[in-house]
Structure formats: structure tokens, C-alpha cells
1. Say each of residue 39 and residue 9 gets a label point 7 Å from the Cα, pointing the same way as Cα to Cβ; how far apart are those two points in nm?
2. Before rounding to the nearest 500, sum -39500 (n - 2.57) across all DSSP H runs of length at least 4 in the chain and divide by the residue total; then give [θ] at 222 nm in deg cm²/dmol.
3. Go through 11/117; 43/79; 73/117; 18/43 and tell me which ones have a Cα-Cα distance over 19 Å in this structure.
4. Please arrange 26, 109 by how many other C-beta atoms lie within 10 Å of their C-beta, fewest to most.
5. Just report the Cα centroid separation between region 109-127 and region 1-74, whole Å.
6. Considering the dipole of the chain built from charges on the beta carbon (Lys and Arg +1, Asp and Glu -1) around the Cα centre, which of 5, 56, 138 is farthest to its positive end?
7. Per 0.36 nm of contour for each residue apart, how much would the distance between residue 18 and residue 56 grow if the chain were fully extended, relative to their Cα-Cα spacing?
8. Nothing charged except the Cβ atoms of Lys and Arg (+1) and of Asp and Glu (-1): what's the magnitude of the dipole of the chain about its Cα centre? Round to the nearest 20 debye.
Amino acid sequence: MINVPEEVEAKFRAAGWKPGRLNPGYFSNQATSNSHANAVLQKFGGLNVGTCGPGHEMATSNIHFLASPTPAKSIAVSKWQDQLGPLTPVADAHNDHMVVYVSEAGEYYFFTDPDEKLYFAGLNFGEATCRLLLGRSFGPEVEPNRSFKTDTLCVRT
């Protein structure tokens, strides 16, 4: 289940979200094999949440949730697929300089377009959105072809 964290709920509401909202442009025949990605796209697709500016530990980011699945965006993270499994894009962030991905296990990752790096973003939707909208530091960089286990991370929400 995807929940909006209380500490960023006002930002989601300002963007037009409310509990029970469904993306009017998302149809079940568009579904991907990733149930976590489908839930995000169905609930938040098309919303633009937050702004870029000063944050807690780094700049805050805006999040533009994709209106529908966009498989072509997965090409950017193909070199991590062997170690993390398929990553499905669910949003663009930071004025389109980042892409937010979710794994089939429900873990979130940020791909930074300018330097083409992948960062662990959180074990769930709440952690990832709080990092972006509040300007909290990203998790560790995920290096291609190196061991990376999220179950050993102590992630602050």
C-alpha cells in the first residue's frame, strides 16, 4: 500500500492530491509487471508535487509523477538490472534532472541525469518522497556490478 507521509501531505494536497484520488489517464491495460510502480502511477500519475529550493541537508526537489508507464526511461538504468532486478520509472524530479524508479521489491532509486549515477532512495514510497520534497540526503550510490544489499541499510524516514 502506498501512503503519503504526514510530513509532506500538505505538498501533495497543494498539487491536487486527496485520499482516494485515481489518475484519470491511467488504464489497467497499461499496467506493468511491477505492482509497486502500478500503484504509484494509478494513485499519483500526472501530479506535480513540490518545488526546488533550500532543504534540510540538500536542495528540495519537485516530483512530476508520470501519467502512464514509460518503458523507454528504463534504458538509463539497464546496467544495474543484473544486480537490482528491473527498475520501473514512476516520476521525473528536480526539474527533469532526475528519474525516480521503483524495484519489484518496492525499493526506490534516484537516477541523476547529469552525472548518470544511481542512488538508493528508500525502502518505500514515503522515504523516497521525503528525501526529495524535504531535501534530505540521498542514500548511498549504487555502483554497477558491485554488491548492494538494501536489507543492511539503516534508513531514516
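1. Once both label points are built, they end up 1.8 nm from each other.
2. After summing the helix terms and dividing by residue count, I get -5000 deg cm²/dmol.
3. On the way: 11/117 27 Å; 43/79 29 Å; 73/117 14 Å; 18/43 10 Å.
The pairs that break the limit, which is 19 Å between Cα atoms, are 11/117; 43/79.
4. With the fewest neighbours first, 26, 109 line up as 26, 109.
5. The distance from the Cα centre of region 109-127 to that of region 1-74 comes to 15 Å.
6. Positive-end residue among those listed: 5.
7. Details: separation 38, 0.36 × 38 = 13.68 nm, distance 2.57 nm.
Stretched fully, the residue 18-residue 56 segment lengthens by 11.1 nm.
8. On the way: 13 positive and 16 negative charges, 81 e Å.
Rounded to the nearest 20 debye, it is 400 debye.
Quick note: the coordinates plus some simple rules give every number you see, no bench work behind them. Keep in mind that this is a model prediction, so the values were computed, not measured. Heads up, the Cβs are rebuilt from the backbone with ideal geometry, glycines too, and the neighbour counts pull from every protein chain shown.
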